[in-house]
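Accompanying notes for the structure given below.
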Amino acid sequence: MTIKKIMVVDDSPTERAFMEGVLRKRGYDVVLVDSGELAIERSKNEQPDLILMDVVMPGLNGFQATRAITREEKTKHIPVIICTTKDQETDKIWGLRQGAKDYVTKPISEADLLEKIKALG
């Protein structure tokens, strides 16, 4: 699978801008979303090749949004990488149980993130 379009889900404008810069510099199309609810809705229409999902957000958190996206018929084929400050082993296990393909803790290393994207591509 070739990854061209990546959806970045994060309530922090700073994090979204950082991720957008890293990804656009590498030629990816980027869709920016600031909530779990919007991620579920827009993933059905946008059909990104990958979703980078924050966890700690108001409303629906990233674990809940990941679970919804990976279990919905129209979006279950879209891989999700959780990108969060939650760095406990139990958080990682929980994230992967929700359907995420990988888990990265913030602050995110540009090289690490790109390596994980490449591994899914």
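Computed from the coordinates by the stated procedures, all read-outs in this text should not be read as laboratory data. What you see is a predicted model; the values in this text were computed from it and never measured. Ideal geometry is used to build each Cβ from the backbone, glycine not excepted, and the neighbour counts take in all protein chains shown.
Identify all residues within the range 31-76 that are outside any helix (DSSP H, G or I), buried (at least 19 other Cβ atoms within 10 Å of the Cβ) and in contact (Cβ under 8 Å) with a residue 40 or more places away in the chain; write none if there are none.
Pro48, Asp49, Leu50, Ile51, Leu52, Met53, Asp54, Val55, Met57
Output the residue which, of all residues in the range 102-121 that are in contact with a strand residue (DSSP E or B) (Cβ under 9 Å, 6 or more places away or on another chain) and outside any helix (DSSP H, G or I), is surrounded by the fewest Cβ atoms within 10 Å (Cβ to Cβ).
Gly121
For the range 77-98, indicate whether the set of residues that are farther than 23 Å from Arg24 by Cβ, of a type in the set (A, V, I, L, M, F, W, C) and over 14 Å from the mean Cα position of the chain (by Cα) is non-empty. If you could, list the steps in order and put the result at the bottom.
So in the range 77-98, the residues farther than 23 Å from Arg24 by Cβ come out as 77, 85-98.
When the remaining residues are screened for being of a type in the set (A, V, I, L, M, F, W, C), the result is 93-94, 96.
Now restrict to residues that are over 14 Å from the mean Cα position of the chain (by Cα): 93-94.
Within the range 77-98 (the criterion being farther than 23 Å from Arg24 by Cβ, of a type in the set (A, V, I, L, M, F, W, C) and over 14 Å from the mean Cα position of the chain (by Cα)), the answer is yes, since at least one residue qualifies.
Would you tally the residues in the range 79-92 being buried (at least 18 other Cβ atoms within 10 Å of the Cβ), touching a strand residue (DSSP E or B) at 6+ places or on another chain (Cβ under 6 Å) and not in a helix (DSSP H, G or I)? Steps first, answer last, please.
Of the range 79-92, the ones buried (at least 18 other Cβ atoms within 10 Å of the Cβ) are 79-84, 86, 92.
Remaining after also requiring touching a strand residue (DSSP E or B) at 6+ places or on another chain (Cβ under 6 Å): 79-83, 92.
Filter once more, keeping what is not in a helix (DSSP H, G or I): 79-83.
So the count comes out to 5.
So which pairs qualify, if the first residue must be in the range 89-118 and in contact (Cβ under 8 Å) with a residue 60 or more places away in the chain, the second must be among the hydroxyl-bearing types (Ser, Thr, Tyr), the Cβ gap must be under 7 Å, and the two must be at least 6 apart or on different chains?
Filtered contacts from the range 89-118: Lys106/Thr84; Lys106/Thr85.
Six or more apart or on different chains, Cβ atoms under 6 Å: show the pairs whose first residue is in the range 8-29 and among the charged types (D, E, K, R) and whose second is in a helix (DSSP H, G or I).
Within 6 Å, the pairs are Asp10/Arg16.
Out of Gly95, Gly99, report the one residue that is over 22 Å from Pro13 (Cα atoms), touching a helix residue (DSSP H, G or I) at 6+ places or on another chain (Cβ under 8 Å) and in a helix (DSSP H, G or I).
Numbers: Gly99 fails: in a helix (DSSP H, G or I).
So the residue among Gly95, Gly99 that is over 22 Å from Pro13 (Cα atoms), touching a helix residue (DSSP H, G or I) at 6+ places or on another chain (Cβ under 8 Å) and in a helix (DSSP H, G or I) is Gly95.
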